[in-house]
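Everything on this sheet refers to the single structure shown next.
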Amino acid sequence: MQARPPTSQWALSALLASAFVVALGYGIVLPVLPMMVERLAGATDPTFNARQIGFLTAAYVAAPVGAAFLWGKWSDLIGRRPVLVVGLIGFAITLAASALAPSLLVLYVGRILNGGFAAAVGPTALAFIADTEGGDDCRTRAFGRMSMASIAGFLVGPTLGGLAAELKLHLGGVAVPPQTVPFLLASGLAAAAALGVWSVLPGNLLPGPRVEANKPGASMFAPGELRLLSLAAVAAAGLGAFEVGLTLRNAELAMGPAALGLMFATCSVVMFAVQGIVFSPLVKPAAARLLAAPAFLVMAIGLALIPTIAGLTEMLFAVSIVAASAGVISPLLVYWVSRISTRSQGVELGIQSAAVSLGMSVGSAAAGLLFGFPGLEGAAFLAAAAAMGLAAIASLKLPLPLAPAHSEARPADQADAAV
C-alpha cells in the first residue's frame with residue numbers, strides 16, 4: 001500500500017494554532033498571578049503569596065503527569081482529531097472558569113483542570129506529525145515549528161497579561177478585574193482553534209500499526225530513551241523554577257507587571273530566533289543532538305547570574321541566555337524521544353509530556369517554597385543551575401545511544417511506510 005501523504009499546510013497550521021493557544025493560556029497568567037493571589041486570598045504576606053504562586057503554577061503543570069499518557073493512549077485508539085478537539089474545548093472552558101474564580105480554592109481547581117486539558121494538545125499534535133511525516137528532516141522541521149508556535153504563544157501571553165494589569169475597565173458600572181480580560185480572550189481563541197482542528201484535520205486517519213518491544217527479556221525502553229526522558233524532566237524543572245523565580249524576583253525588585261511582560265517577551269523572541277536557526281534545513285538532526293550538552297551548560301550559567309543582578313538591562317541579558325538554551329533543549333529532546341521509540345507515537349509522546357510536566361511541577365513548587373524563606377530567594381536559581389550542570393554532564397554521551405537510531409530506520413517507521 002502507498003505511504004501516507006505528508007501533513008498538509010492547512011493541517012499543520014491548525015496544529016500550530018493549537019500549540020500557540022495552549023502556550024498563550026499558560027503564559028497569560030504569570031504577570032498577573034501575584035495580583036490574583038492577593039485579591040482572592042486577601043493576604044499581603046510575601047511568604048504566603050510566594051508559596052501560593054509556586055503551588056498554583058505547579059498545579060497547572062502537574063496535571064499532565066497522569067493525563068498526558070491517557071490522552072496519548074486515547075488518541076492511538078480513536079484518532080488524533082477528536083482528542084485535540086476535546087482538549088481545546090476543555091481548555092477554553094477551564095480558562096474562563098479560572099478567570100472568574102471567586103476564591104483561591106476554585107482557582108486551584110481551575111488551573112488543575114486547565115492543565116489536564118492542555119495535556120491533550122501538545123503530545124497529540126506531535127503524534128499526528130510523527131504519523132504523517134516519515135523523513136527525518138521534515139519531521140524535525142515540523143517539530144521545530146510546533147515548538148516555535150508554543151514560544152510565540154508564550155510571548156503573547158505574558159505581554160497581554162502585563163498590559164491588562166494596567167487597564168481599568170468597567171462593565172455596567174462594575175469594575176472588571178483587569179486579569180480576567182486576557183483569560184477570556186485566550187478562552188475564545190482556544191474555542192476557535194478547536195473549530196479549526198475539526199475542520200481541516202482528517203477524521204478518518206488512525207495511527208498505523210507499530211512494532212512494540214515485546215520480545216522476551218527486552219527492555220520497555222529503547223537504548224538511550226530513559227536518558228532522554230530524564231534530561232527532558234530536568235530541563236523542564238529548570239524552566240519551571242526559572243519562570244516562577246523570575247515572577248517572584250520581579251516582585252522582589254518592584255519592577256511591575258509591564259517589566260515582567262517585557263522579560264518574558266524577550267525570552268520568547270530569543271527562543272524563536274534560536275530555534276529558527278537550529279531547526280532549519282541548515283542544521284541536520286544528527287548534528288543538532290550535539291548541541292544538548294553545551295545548551296545545558298549555558299542555561300546553568302544564565303540561571304546562576306539572575307540572583308546576582310537587579311537592573312532591567314542586565315536581567316534581560318541573563319534571561320536571554322536561559323531562553324536561548326531552553327529553545328534548543330526542549331524540542332531537541334522531544335524529537336529524539338519520538339525518533340527512537342518503538343511504541344505508538346501517542347503513548348510515547350504522552351510519556352514524554354508527563355515527564356516534562358513532572359519536572360516543571362517540581363521546579364515551580366521548589367522555587368515558590370525557596371522564595372518563601374528569607375535569605376533563600378536566590379537559592380531557587382542556584383539549585384536549578386546546579387541541576388542544569390549535572391544534566392550537561394549526563395548529556396555528553398547523548399550522541400552515542402542515538403547514533404543507531406539515526407542511521408537505521410525504525411521498524412515503526414517501516415510499518416508506517418507500508419500503510
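Computed from the coordinates by the stated procedures, all read-outs in this text should not be read as laboratory data. Nothing here was measured: the structure is a model prediction, and the numbers come from that model. All Cβ positions, glycine included, derive from the backbone under ideal geometry; neighbour counts span all protein chains shown.
How big is the charge dipole of region 1-124 about its Cα centre, in debye rounded to the nearest 20, if each Lys and Arg gets +1 on its Cβ and each Asp and Glu gets -1 on its Cβ? Before the final figure, lay out the partial values.
Details: 7 positive and 3 negative charges, 64 e Å.
Rounded to the nearest 20 debye, it is 300 debye.
I need Trp10, Trp336 ordered by Cβ neighbour count within 10 Å, fewest first. Each step should come with its number before you reach the end.
Values: Trp10 12, Trp336 28.
The fewest-first ordering by Cβ neighbours comes to Trp10, Trp336.
Please list, in order along region 124-132, the HN-Hα scalar couplings obtained from phi with the Karplus expression 6.51 cos²θ - 1.76 cosθ + 1.60 (θ = phi - 60°), rounded to whole Hz, x for Gly and Pro.
Working through the residues one at a time gives 5, 5, 5, 5, 4, 5, 5, 5, 9 Hz.
Which ordering of Ile301, Ile78, Ile321 is given by a fewest-first count of other beta-carbon atoms within 10 Å? Present the calculation step by step, with values, prior to reporting the outcome.
Working: Ile301 15, Ile78 11, Ile321 19.
So the ranking, lowest neighbour count to highest, is Ile78, Ile301, Ile321.
I need the semi-axes of the equivalent ellipsoid of region 1-111: take the C-alpha gyration tensor, multiply each eigenvalue by 5, square-root it, list largest first in whole angstrom.
On the way: eigenvalues 248, 40, 27 Å².
So the equivalent ellipsoid measures 35, 14, 12 Å along its semi-axes.
What is the order of Leu260, Leu95, fewest Cβ neighbours within 10 Å to most? Intermediate values should be presented prior to the final figure.
Numbers: Leu260 26, Leu95 32.
So the residues, fewest neighbours to most, are Leu260, Leu95.
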